[in-house]
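Engineer: Before anything else, here's the structure in question.
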Amino acid sequence: MVYPKDHAPAHVHVVGPGAEAKFDIKTLECIESHGFSQKTLKQIKGYLEERKANLMEAWNEYQE
């Protein structure tokens with residue numbers, strides 16, 4: 001999820017059952033996480049990497 005008018009840096013929130021993480025869109029670094037295993041965080045990063053351009057576009061649109 002990308003929240004409107006959210007703070008920098010450009011980031012995306014990933015929410016799962018009993019878990020949440022925040023990834024920097026530009027670097028795909030996991031900024032914070034709780035409840036996800038390291039294996040799942042790597043899978044999420046791969047998923048986000050494939051959608052990086054769309055996520056950055058959404059971030060820019062929602063921050064206007």
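Engineer: Given a cut-off of under 8 Å on Cα pairs at least six residues apart, what relative contact order in percent is computed for the stretch 1-61? Numbers along the way, then the final one.
Structural biologist: Details: 73 pairs, mean separation 17.6, N = 61.
Relative CO of the stretch 1-61 lands at 29 percent.
Engineer: OK, next. Of Thr40, Ala8, Leu28, which is farthest on the positive side of the dipole of the chain, counting Cα position, with +1 on Lys and Arg Cβ, -1 on Asp and Glu Cβ, and the Cα centre as origin?
Structural biologist: Thr40
Engineer: Going through the chain, which trypsin sites (Lys or Arg not before Pro) have at most 10 other Cβ atoms within 10 Å and a DSSP loop state? Write out the running numbers ahead of the final one.
Structural biologist: Working: sites: Lys5, Lys22, Lys26, Lys39, Lys42, Lys45, Arg51, Lys52; in loops: Lys5, Lys26, Arg51.
Sparse-neighbourhood loop trypsin sites (Lys or Arg not before Pro): Lys5.
Engineer: Using semi-axes √(5λ) of the Cα gyration tensor in Å as the read-out, say which of [x] 28, 14, 9; [y] 20, 13, 9; [z] 20, 16, 9 was calculated from these coordinates.
Structural biologist: [y]
Engineer: State in Å² the accessible area per residue of the chain; use a 1.4 Å probe, count heavy atoms of protein chains only, and round to the nearest integer.
Structural biologist: On the way: 4350 Å² over 64 residues.
With all protein chains present, the chain gives 68 Å² per residue.
Engineer: Quick check: net charge around Lys5, other residues with Cβ under 14 Å of its Cβ, Lys/Arg +1 and Asp/Glu -1?
Structural biologist: -3
Engineer: Let me ask you something else. Taking the Cβ-Cβ separation of Met1 and Lys26 as r and a Förster radius of 22 Å, what is the calculated FRET efficiency to the nearest 0.05? Before the final figure, lay out the partial values.
Structural biologist: On the way: r = 17 Å, r/R0 = 0.78.
E between Met1 and Lys26, to the nearest 0.05, is 0.80.
Engineer: Carbon and sulfur together cover what percent of the accessible area of the chain at a 1.4 Å probe radius?
Structural biologist: Details: 2250 of 4350 Å².
Of the solvent-accessible surface of the chain, carbon and sulfur hold 52 percent.
Engineer: Using 11 Å as the cut-off for backbone N distance, which residues of the stretch 1-34 belong to the label zone defined by a point 7 Å from the Cα of Thr40 along Cα→Cβ?
Structural biologist: Taking a point 7 Å out along Cα→Cβ of Thr40, the residues of the stretch 1-34 whose backbone N falls under 11 Å are 15-21, 34.
The values are calculated or read from the model by the stated rules, or taken from the named source; none is laboratory data. Fair warning: this is a prediction, and the values are worked out from it, not measured in the lab. So basically every Cβ, Gly included, is an ideal-geometry build from the backbone, and we count neighbours across all protein chains shown. Calculation scope for accessible area: heavy atoms of the full protein, side chains included, ligands and nucleic acids excluded. Shrake-Rupley method; radii C 1.70, N 1.55, O 1.52, S 1.80 Å.
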